[in-house]
Amino acid sequence: MNQFANFLQLIASQEVIAHNLKGIDVHTAFNQLSNNKEYIQLNDLEVYLRENNIVANPSELNYLFKQMDRDNDQVINQKDFSMYSQRQQARNKEVVKLIQHEIQTAKLLLKFLSSLKELNISILFKTISQRGQISQQQLVDYLQKHYIKLNNQEIICLFSYLDRNRDGLISFSEFQDFFNSFHVNQSLIVLKTNQEIRLVNALYELMFINKTLEDAKLELSQQNDFHSLQAFQQIDQLNKQQFTKLDLELFCMDINIKTNKQQVSLVFDRYSQDGQFITYENFIRLINPKIDPITRDVMQMGPKTQKMFKSVIKLLLESQEQIQNIKERLCYNQEFSVELAFQFLDKLQIGTITIDEFREVFEAHNIQISNKEIEQLISMYNKNSDYKVSYTTFIQGMSPIK
């Protein structure tokens with residue numbers, strides 16, 4: 001993908017030009033473009049370009065408008081324009097130069113896109129990134145791999161251009177937004193029939209395993225004599241406020257659960273923050289169902305509840321190994337690509353997979369599935385409650401733990 005590396009070099013040069021234009025009278029510049037209205041519309045921008053003899057086709061005009069419309073509400077208000085101007089740091093008398101710079105950037109990217117027979121943003125992103133994100137060093141490494149060396153200012157300006165939320169990393173959504181600025185429509189990804197079936201079967205198995213575990217957790221939580229703190233203390237017998245893999249192994253031996261080191265390690269990989277210890281806070285997520293647990297006074301667990309607690313721990317250990325096996329079976333298949341799988345599921349091409357998109361894929365294979373079951377599947381990837389799976393969480397969630 002040497003063409004893209006060359007394009008990034010041109011973008012870096014353009015961004016340095018914009019960066020070196022210092023200071024701005026934002027209010028005056030905004031009034032010029034809006035014709036003294038409260039906001040700038042697309043036709044206002046078109047008129048301004050025409051009056052200043054700047055030639056831009058509709059795609060280039062749309063790109064420029066989207067660069068200024070920071071909140072994507074189809075109008076440019078003073079806050080949008082101020083944020084745009086601060087990023088560009090242009091003098092009011094050089095607003096025309098600033099806009100010419102943006103139009104030149106649009107021309108470069110549109111020329112690059114037209115030179116490609118097909119564009120797979122996901123594969124391009126994977127080529128540059130590691131673990132679903134691109135750091136500044138990874139971007140530099142990618143360019144150097146294609147014999148392109150930028151100076152420090154060019155690197156900083158290029159990375160700032162791509163890193164829209166300024167968090168020091170370029171996410172897949174930001175990378176995709178970069179192309180979407182030009183209204184680039186990717187063709188929908190179609191997997192080979194056997195690979196699509198593999199993916200759907202794997203997702204269904206993962207959902208079923210997670211549902212079985214959640215149902216068992218829910219039943220345990222509904223017992224009047226169950227309290228998560230007392231359950232935690234059974235494993236943390238030395239009262240260290242945390243327990244190790246060895247503590248969990250010894251606990252399993254005490255209650256006659258046959259386990260192995262892989263199962264224990266997988267539990268820690270999923271629920272421990274550092275992979276070494278499970279705190280009470282981690283344990284609550286491990287033992288409680290997704291719904292809010294019932295709060296009770298601490299009391300001694302009866303034999304029935306103790307047996308159910310043992311069953312949940314056993315199921316938890318076995319389920320993590322089953323999940324790992326499913327991921328290995330899927331991802332170690334040479335024909336399968338987890339990146340293409342994400343694009344296949346992301347029908348709307350917005351960088352996230354929604355409940356409706358999961359359901360659509362299942363129903364295409366005559367699998368009837370409820371929203372609750374899909375939510376349980378999504379909960380394996382997403383710790384938040386928005387029921388959407390991002391590119392990064394999907395790649396991490398579907399990749400076997402090494």
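The values are calculated or read from the model by the stated rules, or taken from the named source; none is laboratory data. Just so we're clear, the structure is a prediction, and the values are computed from it rather than from any experiment. Note that each Cβ is placed from the backbone with ideal geometry, even for glycine, and that neighbours are counted across all protein chains shown. SASA here: full protein model, heavy atoms, side chains in, ligands and nucleic acids out. Shrake-Rupley method; radii C 1.70, N 1.55, O 1.52, S 1.80 Å.
For the condition open to solvent by less than 60 Å² (accessible area, probe 1.4 Å) and modelled with pLDDT of 90 or more, what is the one hit in Leu340, Leu330, Leu266?
On the way: Leu340 fails: modelled with pLDDT of 90 or more; Leu330 fails: modelled with pLDDT of 90 or more.
Residue meeting the stated conditions: Leu266.
If you scan segment 140-156, which residues turn out to be exposed (fewer than 12 other Cβ atoms within 10 Å of the Cβ) and assigned to a helix (DSSP H, G or I)? So that I can check it myself, show each step before the final result.
The initial filter retains those residues of segment 140-156 that are exposed (fewer than 12 other Cβ atoms within 10 Å of the Cβ), namely 147, 149, 151-152.
Asn152, the sole residue that qualifies.
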Legend entry - In segment 48-77, the residues that are part of a loop (DSSP other than H, G, I, E, B) and closer than 15 Å to Asp177 by Cβ: Asp69, Arg70, Asp71, Asn72
Inset, instruction - Please name all residue pairs, on different chains or six or more residues apart, with Cβ atoms under 9 Å, provided the first residue is in segment 44-55 and is closer than 15 Å to Val75 by Cα and at pLDDT 80 or above and the second residue is of a type in the set (Val, Ile, Thr) and surrounded by 18 or more Cβ atoms within 10 Å (Cβ to Cβ). - result: Asp44/Ile76; Leu45/Ile76; Leu45/Ile99
Inset, instruction - Spot the failing condition for Gln195; the list is (1) surrounded by 17 or more Cβ atoms within 10 Å (Cβ to Cβ); (2) assigned to a loop (DSSP other than H, G, I, E, B), and only one is missed. - result: (2)
Legend entry - Test: residue in segment 229-244 that is assigned to a loop (DSSP other than H, G, I, E, B), hydroxyl-bearing (Ser, Thr, Tyr) and closer than 29 Å to Pro400 by Cα: yes
Inset, instruction - Please state which of the following conditions Asn239 fails to meet, knowing it meets all the rest: (1) surrounded by 12 or more Cβ atoms within 10 Å (Cβ to Cβ); (2) free of Cβ contacts under 8 Å to residues at least 24 places away in the same chain. - result: (1)
Inset, instruction - Any chance you could count how many residues in segment 346-370 are at pLDDT below 85 and either surrounded by fewer than 20 Cβ atoms within 10 Å (Cβ to Cβ) or touching a Gly at 6+ places or on another chain (Cβ under 6 Å) (or both)? - result: 4
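Can you confirm whether Val184 is modelled with pLDDT under 85, more than 21 Å from the chain's Cα centre (by Cα) and outside any helix (DSSP H, G or I)? Walk me through how you get there before you give the answer.
Working: modelled with pLDDT under 85: yes; more than 21 Å from the chain's Cα centre (by Cα): no; outside any helix (DSSP H, G or I): yes.
No.
Take segment 371-402 and flag every residue that is assigned to a helix (DSSP H, G or I), among the polar types (S, T, N, Q) and surrounded by 18 or more Cβ atoms within 10 Å (Cβ to Cβ).
Residues of segment 371-402 that are assigned to a helix (DSSP H, G or I), as a first pass: 371-379, 391-398.
Then keep just the ones that are among the polar types (S, T, N, Q); that gives 371, 376, 379, 392-393, 396.
Residues satisfying the conditions are Gln376, Thr392, Thr393.
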